[in-house]
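Chemist: Let me give you the structure first, and then I'll get to my questions.
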Amino acid sequence: MKESVTSVGIDIGTSTTQLIFSKLTIENRAAGYMVPKVEIVDKEVVYCSDIYFTPLISNTEIDGEKVSAIIRAEYEKAKIKPEEVSTGAVIITGETARKQNANTVLNSLSDLAGDFVVATAGPDLESVLSGRGAGADVFSEEHRNVVANLDIGGGTTNIAVFRKGSLQGVTCLDIGGRLIKIENGRISYIYSKIQELARENGIEIRVGDEAKVQVLEEVCRLMAYELKTSLHLASESSYHKKIYTNQGKGLAEDIRVDALTFSGGVANYVYEPAETDLFRYGDIGILLGSAIAKSGILDSVECYRSEETIRATVVGAGTHTTEISGSTIFYQKDQLPIKNIPVLKLSKIDEETPQSVSEAIKAQLPIYQNEGKKQLVAIALSGKPYDGFEKIQQLAAAIIEGADTLIKEKFPLIVVLEADIGKALGNALNVKLDKKKDVICIDGVRSKSGDYIDIGEPVGGGYVLPVVVKTLIFNS
């Protein structure tokens with residue numbers, strides 16, 4: 001039996017705030033005697049809000065009241081009441097996620113968000129979300145190649161690289177359209193790194209200077225070159241390492257990109273450069289897009305048209321798929337229930353050997369940190385290659401090695417499996433950790449990276465756990 005539900009996605013970013021309402025058609029695809037397996041069978045975007053500049057009180061504080069007023073006004077325009085919305089997600093991204101009162105703003109929207117996925121996304125996770133929103137993961141799977149998505153916003157450029165559908169790497173640079181702002185024909189703001197980049201190349205620009213197109217075009221050309229360098233498509237400048245966000249690292253040297261997609265507010269002007277009214281948004285976004293288009297980056301590799309540009313990071317929905325864990329599971333009852341846990345999913349390639357399992361977990365865990373703060377993460381894998389006592393012991397050792405930084409934190413170690421080895425693996429993890437760490441190891445559950453899960457209290461005499469998998473659906 002099919003059912004229609006209303007979903008909302010709210011994105012509060014560095015430069016812009018927006019939301020999307022969707023109608024999702026869901027259907028239980030399981031036979032009558034089986035555990036329900038609800039899937040999305042159709043999706044329709046029914047309302048896209050205006051795109052607003054994110055209101056700030058200062059450079060370090062979001063104006064929570066104005067953000068809330070924007071969201072509430074858009075609910076009214078869409079003629080949708082909060083109680084009519086069944087599911088969704090609220091995500092704060094970019095520089096805005098690092099504002100002092102980001103969580104306060106999220107809390108102010110709680111009566112509009114209900115039991116939704118609610119998260120502040122650091123630069124790495126935002127790279128993944130925008131890459132998926134732009135369809136780069138799907139392109140890479142369809143074409144069996146390596147695709148990088150560049151999400152060029154107001155304050156940062158988030159890059160995610162996908163190889164045959166699997167995440168290969170992420171990085172973030174302080175390059176964006178609003179790092180130089182223009183008011184009344186003059187420069188009203190310059191981000192310090194961009195001013196330094198210009199100075200390193202003999203260009204002096206200051207707040208109060210006349211906004212000369214030729215000068216700012218040259219600055220944007222330098223910014224475009226740094227983006228090209230980050231993809232290993234140009235030689236590194238002396239300033240390059242300083243341009244990464246939060247002293248971050250670039251993509252691994254062995255990554256070789258076959259194709260690109262672009263998303264974010266600047267992306268429209270990469271695909272279709274403008275020639276008039278260049279400062280219409282009060283910044284250099286249009287000039288930056290044009291500079292990227294002229295940089296030769298599009299001649300170096302293939303370019304796919306993104307499914308979405310400015311709306312790529314807007315989450316279309318967080319649909320709930322309710323499952324029941326397998327009966328051979330391992331858990332600590334006093335840790336349950338737990339909700340809204342992000343899923344770190346290993347690919348088939350990641351699972352090939354214990355070493356690759358360990359390396360993949362180590363590589364992906366930083367994605368789920370915001371400003372270096374670790375959070376509870378569920379490590380998900382099929383577990384199918386590990387069928388036997390010795391192999392399960394090796395898998396347990398690999399997970400412990402890979403998740404070492406996570407295990408040192410106060411929260412439990414959570415492992416989600418598809419194969420029926422939850423109890424055996426949970427016991428192995430518990431013993432290898434000298435029974436000093438709470439372990440929750442469940443099986444019979446399918447999930448993917450970018451999902452969030454809830455794990456409920458035991459049912460069925462304690463043999464099974466109810467699990468809700470929340471899948472982020474993008475407007476594509």
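The values are calculated or read from the model by the stated rules, or taken from the named source; none is laboratory data. If you're wondering where the values come from, they're calculated on a predicted model, not measured in any experiment. Cβ: placed from backbone, ideal geometry, glycine included. Neighbour counts: every protein chain shown.
Chemist: Give me the residue from the stretch 231-251 that is at pLDDT 90 or above and over 17 Å from E200 (Cβ atoms) and, out of that set, surrounded by the fewest Cβ atoms within 10 Å (Cβ to Cβ).
Modeler: Ranking the qualifying residues of the stretch 231-251, first place goes to H232.
Chemist: Take the conditions in the same structural domain as E142 (by TED's automatic domain parsing), closer than 30 Å to Q364 by Cα and touching a strand residue (DSSP E or B) at 6+ places or on another chain (Cβ under 6 Å) and apply them to I190. Does it pass? Break it down into steps so the answer makes sense when it comes.
Modeler: On the way: in the same structural domain as E142 (by TED's automatic domain parsing): yes; closer than 30 Å to Q364 by Cα: no; touching a strand residue (DSSP E or B) at 6+ places or on another chain (Cβ under 6 Å): yes.
Here the answer is no, as I190 does not meet what is asked.
Chemist: Which of the residues belonging to the stretch 40-70 are among the hydrophobic types (A, V, I, L, M, F, W, C) and either farther than 11 Å from T17 by Cα or outside any helix (DSSP H, G or I) (or both)?
Modeler: I40, V41, V45, V46, C48, I51, F53, L56, I57, I62, A69
Chemist: Any chance you could count how many residues in the stretch 144-153 are in contact with a strand residue (DSSP E or B) (Cβ under 7 Å, 6 or more places away or on another chain) and outside any strand (DSSP E or B)?
Modeler: Initially, the stretch 144-153 is screened for residues in contact with a strand residue (DSSP E or B) (Cβ under 7 Å, 6 or more places away or on another chain), giving 145-152.
Then drop every residue that is not outside any strand (DSSP E or B), which leaves 145.
Number of matching residues: 1.
Chemist: Are there any strands (runs of 3 or more DSSP E) wholly within the stretch 164-214 with 3 or more residues that are under 27 Å from L125 (Cβ atoms), and if so which?
Modeler: 166-173
Chemist: Residue check: is E126 at pLDDT 80 or above and either assigned to a loop (DSSP other than H, G, I, E, B) or not small (G, A, S) (or both)?
Modeler: no
Chemist: Residue by residue through the stretch 243-260, note down the ones that are within 22 Å of D137 (Cβ to Cβ) and part of a strand (DSSP E or B).
Modeler: A259, L260
Chemist: Cβ-Cβ distance below 6 Å, separation of 6 or more or different chains: which pairs start in the stretch 266-281 with a residue that is of a type in the set (A, V, I, L, M, F, W, C) and end on one that is in a loop (DSSP other than H, G, I, E, B) and at pLDDT below 85?
Modeler: As it stands, the answer is A267/T309, since those pairs meet every condition given.
Chemist: Still on this structure, I have one more. Would you pick out the residues in the stretch 255-268 that are modelled with pLDDT under 90 and either exposed (fewer than 15 other Cβ atoms within 10 Å of the Cβ) or more than 20 Å from the chain's Cα centre (by Cα) (or both)?
Modeler: Correct list: N268 only.
Chemist: Can you tell me which of S238, S290 is touching a Pro at 6+ places or on another chain (Cβ under 7 Å) and assigned by TED's automatic domain parsing to the domain that holds I152?
Modeler: Criteria check complete, one pass: S290.
Chemist: Is it true that E226 is assigned by TED's automatic domain parsing to the domain that holds R178 and over 27 Å from the mean Cα position of the chain (by Cα)? Explain how you work it out, then say what you get.
Modeler: On the way: assigned by TED's automatic domain parsing to the domain that holds R178: yes; over 27 Å from the mean Cα position of the chain (by Cα): no.
For E226, the condition - assigned by TED's automatic domain parsing to the domain that holds R178 and over 27 Å from the mean Cα position of the chain (by Cα) - is not met.
Chemist: Report, by residue number, each residue of the stretch 438-454 that is part of a strand (DSSP E or B) and crowded, with 23+ Cβ neighbours inside 10 Å.
Modeler: V439, I440, C441, I442, Y452, I453, listed by residue number.
Chemist: Can you pull out the residues in the stretch 187-202 that are surrounded by fewer than 24 Cβ atoms within 10 Å (Cβ to Cβ) and either in contact with an Asp or Glu (Cβ under 6 Å, 6 or more places away or on another chain) or closer than 14 Å to L227 by Cβ (or both)?
Modeler: Scanning the stretch 187-202 gives I187, K193, I194.
Chemist: Of the residues in the stretch 364-411, how many are crowded, with 16+ Cβ neighbours inside 10 Å and of a type in the set (D, E)?
Modeler: Residues that pass the stated criteria total 1.
Chemist: Can you find even one residue in the stretch 457-471 that is at pLDDT 75 or above and within 23 Å of E126 (Cα to Cα)?
Modeler: Checked the stretch 457-471: at least one residue is at pLDDT 75 or above and within 23 Å of E126 (Cα to Cα).
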